[in-house]
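Asker: Quick one: structure below, then a few questions.
The values are calculated or read from the model by the stated rules, or taken from the named source; none is laboratory data. Please read all numbers here as calculations on a predicted model, not as lab measurements. So basically every Cβ, Gly included, is an ideal-geometry build from the backbone, and we count neighbours across all protein chains shown. Quick note on the areas: whole protein, heavy atoms, side chains included, nothing else; ligands and nucleic acids left out. Shrake-Rupley method; radii C 1.70, N 1.55, O 1.52, S 1.80 Å.
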Amino acid sequence: MDILYPGTFDPITNGHLDVIERASKIFKKIIVAVAKSYNKKPMFSLELRESFIKESIKDLNNVEVRSFDCLLVDYLKKTGVHNILRSLRVASDFEYELQLALMNRKLDEQCETVFLMPNQNYIFLSSSMIREIAMLGGDIECFVPKPVYDYITRNFKAYK
Ligand code: COA
C-alpha cells in the first residue's frame, strides 16, 4: 500500500523524520507532500522545505518528496494514492487530526487517514518551536536533521 504524508514541514524536524522512517518499514511507497500553506506564511520557501526533506531521506529507497498547492483530496486523486499519513504526538493533537481526517473523508470517501506515533523523545517537538529557538540562536542540533541544522547555523543572524 502507498501512502501520502502531507504537511507544511517548516522545517522538517526529527519528529517528522522518525514518522517517515517508521512508515517506510510498513508501506510500499511514501510520498512526502509539502504543502505551500499560504495561511501559515511559512518561514522557509517551498523549494527549501522540499530540499531539506530530500537530503534528510536520501537513504530511504521507498520515499519520494513532492509539493502541492491545492486541496489535499485533489492532490491525492492526481497521485492515485488514497491514504493519508499523519502523526499523533500528544492527546491534544487528536481533536484537530480527527476533524481533518473526517473532513478529508467527507470530501472524498475513498480517503483514509492512518496515524503513527513518533518516538517519545520527539513528542514535544514542533516546527514553530524550532523556528523560534533558531531565531534566538538556541541549540537545535538534536531536534532537526543535519541539512536543516547546517542551513540555519550558516544563514541565521543569531548564530553569526
Ligand atoms: N514531529 C514534529 N512536529 C510535528 C509532528 C512530528 N511528528 N507532527 C506534527 N508536527 C507539528 C508540525 O511541525 C506543525 O508544527 P507548527 O504548527 O508548530 O509549525 C504542527 O505539528 C502541525 O501543523 P498542522 O497545521 O496541523 O499541519 P501541517 O502544517 O503539518 O499540515 C496540511 C497541514 C498541509 C496537511 C493541511 O493544512 C492541508 O491538507 N492543506 C491543504 C489544503 C486542504 O486540503 N485543506 C483542507 C483540509 S480538510
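Asker: Going 7 Å from the Cα of Lys28 in the Cα-to-Cβ direction, what parts of region 81-96 have a backbone nitrogen less than 18 Å from that spot?
Answerer: 81-85
Asker: May I pose another question? Can you give the relative contact order of region 7-148 as a percent, counting alpha carbon pairs under 8 Å and 6+ residues apart?
Answerer: 34
Asker: What are the lysines whose alpha-carbon lies under 19 Å from the alpha-carbon of Lys146, with same-chain residues fewer than 8 places away excluded?
Answerer: Straight-line reach from Lys146, under 19 Å: Lys54, Lys58, Lys157, Lys160.
Asker: Still on this structure: Taking all protein chains in place and a 1.4 Å probe, what share, in percent, of the accessible surface of the chain do carbon and sulfur account for?
Answerer: Here carbon and sulfur together make up 53 percent of the probe-accessible area.
Asker: Moving on to the next point. Using a 1.4 Å probe and ignoring any ligands, DNA or RNA, find the accessible area of Lys58 and quote it in Å² to the nearest 10.
Answerer: 150
Asker: Using the Karplus curve 6.51 cos²θ - 1.76 cosθ + 1.60 with θ = phi - 60°, work out ³J(HN,Hα) for each residue of region 68-80 in order, rounded to whole Hz, and write x for Gly and Pro.
Answerer: 3J(HN,Hα) across region 68-80, in whole Hz: 8, 9, 7, 4, 4, 5, 5, 5, 4, 4, 4, 8, x.
Asker: Quick one: what are the phi-derived ³J(HN,Hα) couplings along region 103-116, Karplus 6.51/-1.76/1.60 with θ = phi - 60°, whole Hz, x for glycine and proline?
Answerer: Each residue of region 103-116 in turn: 5, 4, 6, 5, 6, 8, 5, 7, 7, 10, 10, 10, 10, 10 Hz.
Asker: Something else now. Distance from the Cα centre of region 1-25 to that of region 69-117, in angstrom?
Answerer: 13
Asker: Cβ under 10 Å from Glu64's Cβ, Glu64 left aside: what net charge do those residues give with Lys, Arg +1 and Asp, Glu -1?
Answerer: Summing Lys/Arg as +1 and Asp/Glu as -1 gives +2.
Asker: Provide the per-residue ³J(HN,Hα) series for region 86-102, in order, calculated from phi with Karplus coefficients 6.51, -1.76, 1.60 and θ = phi - 60°, each as a whole number of Hz, with x at glycine and proline positions.
Answerer: Taking θ as phi minus 60°, the curve returns 9, 10, 10, 8, 9, 4, 5, 5, 4, 4, 5, 5, 5, 4, 4, 5, 6 Hz for region 86-102.
Asker: Leaving ligands, DNA and RNA out of it, rank Arg154, Arg131, Arg49 by accessible area with a 1.4 Å probe, largest first.
Answerer: The ordering from most to least exposed comes out as Arg154, Arg131, Arg49.
Asker: Pop the C-beta distance of Ser92 and Asp139 into the FRET formula with R0 = 35 Å and round what comes out to the nearest 0.05.
Answerer: Result of the calculation: an efficiency of 0.85.
Asker: Oh, and also: Counting only protein chains, not ligands or nucleic acids, how are Leu136, Leu46 ordered by accessible area (probe 1.4 Å), most first?
Answerer: Leu136, Leu46
Asker: When every alpha-carbon pair in region 46-160 is counted, what percent end up more than 25 Å apart?
Answerer: Considering region 46-160, 37 percent of its Cα-Cα pairs are separated by more than 25 Å.
Asker: Hey, another quick one. Just name one of Ser24, Pro11, Leu125: the one whose Cα is farthest towards the positive end of the charge dipole of the chain (beta-carbon charges, Lys/Arg +1, Asp/Glu -1).
Answerer: Pro11
Asker: Of Asn83, Asn104, Asn121, which is the most mobile in a GNM of the chain whose springs link Cα atoms less than 10 angstrom apart?
Answerer: Highest fluctuation of the listed residues: Asn121.
Asker: List the longest stretch of the chain that has no exposed loop site; here a site is one of the GluC sites (Glu not before Pro) assigned by DSSP to anything other than H, G, I, E or B, with at most 14 other Cβ within 10 Å.
Answerer: In the chain, the maximal stretch lacking such sites is 1-108.
Asker: Are there any chymotrypsin sites (Phe, Trp or Tyr not before Pro) in region 122-160 that are in a DSSP loop and have at most 15 other Cβ atoms within 10 Å? List them by number.
Answerer: Phe124, Phe156
Asker: Taking only protein heavy atoms into account and a 1.4 Å probe, give the accessible area per residue of region 1-95 in Å².
Answerer: Heavy-atom accessible area per residue stands at 50 Å².
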